[in-house]
1. Restricting attention to segment 26-53, report how many residues are aliphatic (A, V, I, L, M) and either out of contact with any Leu (no Cβ under 8 Å at 6 or more places or on another chain) or within 16 Å of Ala126 (Cβ to Cβ) (or both).
2. Quick one: which of Leu61, Leu20, Leu57 is closer than 20 Å to Asn112 by Cβ, surrounded by fewer than 17 Cβ atoms within 10 Å (Cβ to Cβ), at pLDDT 95 or above and of a type in the set (A, V, I, L, M, F, W, C)?
3. Considering segment 45-84 alone, what residues qualify as being free of Cβ contacts under 8 Å to residues at least 40 places away in the same chain, part of a helix (DSSP H, G or I) and polar (S, T, N, Q)?
4. Cβ contacts < 6 Å: first residue touching a residue at least 24 places away in the same chain (Cβ under 8 Å), restricted to segment 21-44; second residue assigned to a helix (DSSP H, G or I) and among the hydrophobic types (A, V, I, L, M, F, W, C), any location; separation 6+ or different chain. Result?
5. Those residues that are of a type in the set (A, V, I, L, M, F, W, C) and loosely packed, with under 13 Cβ neighbours inside 10 Å, I need them from segment 109-138; list them, please.
Amino acid sequence: MNETREHGMLRGAGHAVRVLCVDDAPEIRQVVQLVLEQLGGFDVHLAGSGEEALLRLPAILPNLVLLDQYMPGIDGRETLRQLRQSEAGRDVPVIFLSAAAETGLMGGDPLNGVLGWIEKPFDPLALPERVMKLWNEQ
């Protein structure tokens with residue numbers, strides 16, 4: 001990937017990295033968007049469900065997906081499975097957001113493009129740096 005860091009912000013090919021945050025909790029989506037845009041320089045798009053994320057994916061073409069594990073409807077794992085079957089989402093890196101991170105996958109699943117997990121509740125001020133750290137480790 002062609003990304004650089006400018007003033008602490010992650011950039012891909014000269015523009016802000018597009019992140020799709022998928023979480024059923026509106027307050028989580030709002031916090032993620034605020035801190036990643038204001039402190040991290042990301043371009044953040046939001047989806048309240050796995051279904052919505054899959055529908056919006058081709059228009060957004062995110063560089064990264066932050067994905068809640070437990071959601072009504074299709075959960076994070078099923079969303080990831082369907083993401084990998086789509087042309088627009090086949091190679092997009094994913095970071096799971098979850099209150100119940102699974103110990104065996106905390107380091108990620110590189111074969112499936114999962115960079116790692118961020119446990120909820122998370123420190124909002126530390127979120128941009130945590131995302132950048134996982135991104136840079138890929």
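The values are calculated or read from the model by the stated rules, or taken from the named source; none is laboratory data. This one's a predicted model, so the numbers in the text were calculated from it and none came from an experiment. No Cβ is skipped: glycine too gets one built from the backbone with ideal geometry, and neighbour counts run over all protein chains shown.
1. Number satisfying all stated conditions: 7.
2. Every option except Leu61 fails the conditions.
3. Listed by number, the list holds a single entry, Gln82.
4. Once the first residue is touching a residue at least 24 places away in the same chain (Cβ under 8 Å) and sits in segment 21-44, its partners that are assigned to a helix (DSSP H, G or I) and among the hydrophobic types (A, V, I, L, M, F, W, C) give Cys21/Val32; Val22/Ala53; Val35/Leu127; Phe42/Leu36; Val44/Leu36.
5. Result: Leu111, Leu125.
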